[in-house]
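Novice: So that we are looking at the same thing, I have put the structure below in structure tokens.
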Amino acid sequence: LKQIKEVIHVDDNRVFLAGHSNGATGVFSYLMKNATPFAGFYGFNTQPKVHTGGTFVENIKNRSFLSFSTDEDYYYPPQANDDFTALMQRLGADYKEYRYKGFPHWFPAFDESEPAYQILFDDLNQRKRKAFPSTLTWEFDDEANGSIDWLQEMKLDTLRPKADGHQPLNFKITTWLSYNEEDELKAETVDQDAFDFPRASGRVVAQYKDNVFHLTTSRIKSLVLAISPEMVDIKKRVKVYVNGQLYFNKKVGYNTSFMLQNFEKNKD
């Protein structure tokens, strides 16, 4: 993405990720771990799971995901898609699943996929990234993934106890489709968690309004607020409350070296 931006004019707020199968799972992983550069995410026959760490599904609330699934898919079963969609609805996420009946892990006839792609491009054409959203939720278990939009360089302190509300979200997968030796699709009974959580995580919920920031943190040692004049009135003081305590109460100014370094890093 950085290389593309170095040679072609790109609207920073109109960059999207889409993929199929393992590629769609990669798209979902970016949504969970590094969503900042992107405006929206699209997956065809997705397995919505991070395989390199925890799957912190509340991170989806910072962006959007459109899922295109099929009812004969061996890669991720319809029952799991139903439960995942129900979880997204409980979270109030910008998420929607479109399911197509009578297809396996792909659209065998290209014409049959045209309605799905029309949905994708209709969504893409009307969507733009909100670079400075007023509310952010971010959970991570690897400091390489400790940034989202204006919450940056978050560092973990997993020796601290979890704050109230810092609990993993998960559900059970009980049925999986697979092909037998006669190449017939059969449903198998399974008992597995949808997500794994191999490491302790940290979590931040942050919001701002009228020059006041409120941060609720759990197992976080430190973080950086990257403040834009599009977010605050720089003529006035900025107040930052962390877990209910006033932590910062000063005016902020422009930092030329930070702006140049940030642009050089990602061309955004």
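Novice: Is at least one residue of segment 152-160 crowded, with 16+ Cβ neighbours inside 10 Å and modelled with pLDDT of 95 or more? Walk me through it before giving the result.
Specialist: Step one: list which residues in segment 152-160 are crowded, with 16+ Cβ neighbours inside 10 Å, which gives 154, 156.
Restricting the remaining residues to those that are modelled with pLDDT of 95 or more gives 154, 156.
There is at least one residue in segment 152-160 that is crowded, with 16+ Cβ neighbours inside 10 Å and modelled with pLDDT of 95 or more.
Novice: Considering only residues that are assigned to a helix (DSSP H, G or I), at pLDDT below 95 and open to solvent by less than 80 Å² (accessible area, probe 1.4 Å), which ones fall in segment 99-123?
Specialist: Matches in segment 99-123: Ser113, Pro115, Ala116.
Novice: Which condition number in (1) open to solvent by less than 40 Å² (accessible area, probe 1.4 Å); (2) outside any loop (DSSP other than H, G, I, E, B); (3) farther than 17 Å from Tyr95 by Cβ is the one that Met32 fails?
Specialist: (3) is the only condition that Met32 fails.
Novice: Find the residue count for segment 161-208, including only residues that are charged (D, E, K, R), open to solvent by 60 Å² or more (accessible area, probe 1.4 Å) and outside any loop (DSSP other than H, G, I, E, B). Let's see the steps before the verdict.
Specialist: Step one: of segment 161-208, the residues charged (D, E, K, R) are 162, 164, 172, 181-184, 186, 188, 191, 193, 196, 199, 203.
Keeping just the survivors that are open to solvent by 60 Å² or more (accessible area, probe 1.4 Å) gives 162, 164, 172, 181-184, 186, 188, 191, 193, 196, 199.
From the residues that got through so far, the ones that are outside any loop (DSSP other than H, G, I, E, B) too are 172, 186, 188, 191, 193.
Residues meeting the conditions: 5.
Novice: Does Arg219 meet the test of being in contact with a strand residue (DSSP E or B) (Cβ under 7 Å, 6 or more places away or on another chain) and under 22 Å from Asn59 (Cβ atoms)? Write out each step before concluding.
Specialist: Numbers: in contact with a strand residue (DSSP E or B) (Cβ under 7 Å, 6 or more places away or on another chain): yes; under 22 Å from Asn59 (Cβ atoms): yes.
Considered against the rule, which asks whether it is in contact with a strand residue (DSSP E or B) (Cβ under 7 Å, 6 or more places away or on another chain) and under 22 Å from Asn59 (Cβ atoms), Arg219 comes out as yes.
Novice: Which of the residues spanning segment 124-147 are surrounded by 13 or more Cβ atoms within 10 Å (Cβ to Cβ) and more than 19 Å from Asp11 (Cα to Cα)?
Specialist: Leu136, Thr137, Trp138, Glu139, Phe140, Asp141, Asp142, Glu143, Asn145, Gly146, Ser147
Novice: Quick one: Glu72 ticks every box in (1) under 28 Å from Trp176 (Cα atoms); (2) touching a strand residue (DSSP E or B) at 6+ places or on another chain (Cβ under 9 Å); (3) open to solvent by 10 Å² or more (accessible area, probe 1.4 Å); (4) modelled with pLDDT of 95 or more bar one, so which box is it?
Specialist: For Glu72, the exception is condition (4).
Novice: Name, by its number, the condition in (1) out of contact with any strand residue (DSSP E or B) (no Cβ under 6 Å at 6 or more places or on another chain); (2) open to solvent by 60 Å² or more (accessible area, probe 1.4 Å) that does not hold for Val238.
Specialist: Val238 satisfies every listed condition except (2).
The values are calculated or read from the model by the stated rules, or taken from the named source; none is laboratory data. Every value quoted in this text rests on a predicted model; they were computed, and no experiment measured them. Cβ atoms come from the backbone with ideal geometry, glycine included; neighbour counts cover every protein chain shown. Heavy atoms of the whole protein, side chains included, go into the accessibility calculation; ligands, DNA and RNA do not. Shrake-Rupley method; radii C 1.70, N 1.55, O 1.52, S 1.80 Å.
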